[in-house]
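Single-structure report; data block below.
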Amino acid sequence: MFSPYYAASRRRGDGDPTDHCAVNVALYNPRSKYWALTERRRTSLGQAAASLSIGRSVLMWDGDGLTIEVDELAVPRFTRLQGRIRLYPDAVTSRVTALDANGHHHWWPIAPSARVEIDLQQPSLRWSGNGYFDCNAGTRALEQDFVDWTWSRARTADGAAILYDAARRDGSSLSLAYRFDQRGRCEEFMPPPASPLPATGWRIARRTRSDDPKQTSVRKTLEDTPFYARSLVDQSLLGETVTSVHESLSLDRFRRRIVQAMLPFRMPRAFS
């Protein structure tokens, strides 16, 4: 959805999403960071009821969990990312939420809490811990209907808490606060007070919600780009002190031509 090639194709009136597909892998450890996002053509796409292949990477659902066989090149160093990721949901939810009044965009938190096992050969890395699995889908470009949004997910003692705030193009706003237990049962709660966060190096505004805004802080910025930031945020939610994975997205920034011109450096397009 952030592909500059797809955006150009849409402007020409011949945008086919299956001709602009990619597997995005971001890997962070204390010593280094890896980023893979190579866009591929429709000839590299394989779809079946329980599997999806894009290039050499394959995602498979077997009824109990999701297996991701990763085989990608990280840019700009062109280091290979290769190995297996297994995700075992604590529960699979059925709650799908429309993000706009016209139903063009939907969000599905498939597994708010899950066990994740990572076994990579390149780089050599093994890890297991708590994770999350969701899906966004839409029939229009995000920048058509949204100005910006923030999203965060935190592990809680009994499951997960998710916050979703968005400013829409029509002047309205969205504010969601969901808590999920380990059985996947969802309960809405009153969104906590707004809590501003320091802007990123690219001056992307960051904000979240917290029971105690004075005790809310950015622990680490994982991605800092001209239109998107991913961070770890310490905050208080539902009476717990938690660390959230937090995202800030500026669609006004994304739609600028200069930002579109910069994207191929992070998102190359394969010839076949």
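Just so it is clear, none of the values below were taken in a lab; they were calculated from the coordinates. Owing to the predicted nature of the structure, the values given are computational and were not obtained by experimental measurement. A quick note on method: Cβ atoms are made from the backbone with ideal geometry, for glycine too, and the neighbour counts reach across all protein chains shown.
Along its principal axes, the range 5-51 has C-alpha extents of 44, 30, 14 angstrom, given from the largest down. In a simple Cβ point-charge model (Lys, Arg +1; Asp, Glu -1; nothing else charged), the chain has a dipole of about 1020 debye relative to its Cα centre. Cα centroids of the range 235-272 and the range 115-171: 11 Å apart.
Within the shell of other residues whose beta carbon sits under 12 angstrom from the beta carbon of Ala161, the net charge comes to -2, with Lys and Arg scored +1 and Asp and Glu -1. Projecting the Cα atoms of Trp202, Leu176, Gly65 onto the charge dipole of the chain, computed from C-beta unit charges around the Cα centre, puts Trp202 farthest toward the positive end. Taking 0.36 nm per residue of separation and subtracting the current Cα-Cα distance, fully stretching the chain between Leu238 and Phe78 would add 53.3 nm.
In summary, the range 73-222 shows an alpha-carbon radius of gyration equal to 1.18 times the 2.2 N^0.38 Å reference for compact globular proteins.
As a ratio to 2.2 N^0.38 Å, the alpha-carbon radius of gyration for the range 69-137 is 1.44. With kT/(6 pi eta Rh) evaluated at 20 °C and eta = 1.002 mPa s, and Rh the Kirkwood radius from Cα pairs, the range 1-147 diffuses with a coefficient of 126 µm²/s according to Stokes-Einstein. Comparing mean-square fluctuations of Cys135, Cys21, Cys186 from a GNM of the chain with C-alpha springs under 10 Å, the top value falls on Cys135. Give, as a single signed number, the net charge of other residues whose beta carbon lies under 10 Å from the beta carbon of Leu99, with Lys and Arg counted +1 and Asp and Glu -1. Charge balance near Leu99 sits at -1.
Semi-axes of the equivalent ellipsoid for the chain, computed as √(5λ) from the eigenvalues of its C-alpha gyration tensor and ordered from largest down, come to 28, 24, 20 Å. Across the range 139-263, Cα-Cα pairs more than 20 Å apart make up 45 percent of the total. With the convex hull of its Cα atoms as the shape, the range 1-80 has an orientation-averaged projected area of 6.8 nm². Note on the chain: with a GNM built from Cα contacts shorter than 10 Å, the maximum mean-square fluctuation among Asn102, Asn24, Asn136 falls on Asn102. In a DSSP loop and with at most 11 other Cβ atoms within 10 Å, the chymotrypsin sites (Phe, Trp or Tyr not before Pro) in the range 211-272 are Phe271.
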